[in-house]
């Protein structure tokens, strides 16, 4: 009954995320078309660069949605974990795309500083303000789930930074309207780029480490080892490995040395205690191998 309830809850989360991705993709595609159109009409490189950044959002959302759907791919004899690892890869690709978008913004911003051009500030403010609304709504769709899945976190920050870019365009256009200092448009772009780089670096690092099976940064491996060793009849723990199967599922394997006076019933009790402790830490997929204190391994890599 509990399993059925958990499955129903999981299906509801999947459906909610699918709807969020669908709405986000549609809104951003429409806005990219609007920005490109008005970028041509107003001859605004600021709107063109913002459109390019928003287009990276569309790519981000499509990659994120695809990775999320791949969680439904059932494991089989070749793909024993299914395609869950692709959710980690998607988060990494999203981070890289965001950095590429920042590079494009920096390039256009420097060009605007060196070669400022007259702008129709009011029209640019209106279009960019629409961008703030669209990206804020899109980001809000993923706000509640951003801490549960690094892939959704990547999408969320993509949208938030895009809203910041649009805000920068609005501020720049307002200052230009008041001062006719057209180079300010480029300066605002550079400031926003620095903010985006700071917010993206941690996400890029975390997703990269997860692709090479480094223990997720939210876990203290030494603390987990000590918690396992505090369980009754456990003497020590070695060969502990912790990695991310996907952006939401973490796995652990370990060799657990138990005292000499144990029975099969003791082992089941020990295993239950360990798995309950690990589950409370967010590690739901664990494999434990038991050893006695007298066990000697001839080759360390076989242990």
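At-a-glance table
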quantity	calculated
Residue in the range 112-128 that is closer than 21 Å to residue 284 by Cβ and buried (at least 21 other Cβ atoms within 10 Å of the Cβ) present	no
Test: residue in the range 40-48 that is at pLDDT 70 or above, in contact with a helix residue (DSSP H, G or I) (Cβ under 9 Å, 6 or more places away or on another chain), assigned by TED's automatic domain parsing to the domain that holds residue 183 and closer than 29 Å to residue 204 by Cβ	yes
Test: residue in the range 228-244 that is within 25 Å of residue 90 (Cβ to Cβ), part of a helix (DSSP H, G or I) and in contact with a strand residue (DSSP E or B) (Cβ under 7 Å, 6 or more places away or on another chain)	no
Qualifying residue in the range 214-221 (condition: modelled with pLDDT under 85, over 30 Å from residue 97 (Cα atoms) and part of a loop (DSSP other than H, G, I, E, B))	no
Flag for residue 165 being in contact (Cβ under 8 Å) with a residue 24 or more places away in the chain, assigned to a helix (DSSP H, G or I), farther than 30 Å from residue 250 by Cβ and in the same structural domain as residue 41 (by TED's automatic domain parsing)	yes
Boolean, residue 144 is surrounded by fewer than 21 Cβ atoms within 10 Å (Cβ to Cβ) and at pLDDT below 80	yes
Residues (touching a helix residue (DSSP H, G or I) at 6+ places or on another chain (Cβ under 7 Å) and at pLDDT below 85) located in the range 192-210	192, 193, 195, 196, 197, 199, 200, 203, 204, 206, 207, 210
Flag for residue 199 being farther than 30 Å from residue 165 by Cα and surrounded by fewer than 17 Cβ atoms within 10 Å (Cβ to Cβ)	no
Which listed residue, of 130, 198, 110, is closer than 22 Å to residue 31 by Cβ and either assigned to a helix (DSSP H, G or I) or in contact with a strand residue (DSSP E or B) (Cβ under 9 Å, 6 or more places away or on another chain) (or both)	130
Qualifying residue in the range 198-207 (condition: free of Cβ contacts under 8 Å to residues at least 12 places away in the same chain and closer than 17 Å to residue 109 by Cβ)	yes
Residues within the range 67-82 that are touching a helix residue (DSSP H, G or I) at 6+ places or on another chain (Cβ under 7 Å) and surrounded by fewer than 21 Cβ atoms within 10 Å (Cβ to Cβ), tallied	2
Residues satisfying the stated conditions in the range 256-303, i.e. at pLDDT below 85, closer than 14 Å to residue 235 by Cβ and assigned to a helix (DSSP H, G or I)	266, 267
Number of positions in the range 83-94 that are under 18 Å from residue 52 (Cβ atoms) and either surrounded by fewer than 24 Cβ atoms within 10 Å (Cβ to Cβ) or not assigned by TED's automatic domain parsing to the domain that holds residue 194 (or both)	1
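Here's the yes/no breakdown for (1) touching a helix residue (DSSP H, G or I) at 6+ places or on another chain (Cβ under 6 Å); (2) buried (at least 16 other Cβ atoms within 10 Å of the Cβ); (3) touching a residue at least 40 places away in the same chain (Cβ under 8 Å); (4) outside the structural domain of residue 17 (by TED's automatic domain parsing):
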{"position": "237", "(1), (2), (3), (4)": "yes, yes, no, yes"}
{"position": "245", "(1), (2), (3), (4)": "no, yes, yes, yes"}
{"position": "253", "(1), (2), (3), (4)": "no, no, no, yes"}
{"position": "273", "(1), (2), (3), (4)": "no, yes, yes, yes"}
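The values are calculated or read from the model by the stated rules, or taken from the named source; none is laboratory data. Computed from a predicted structure; not experimentally measured. We place every Cβ from the backbone using ideal geometry, glycine too, and count neighbours over all the protein chains shown.
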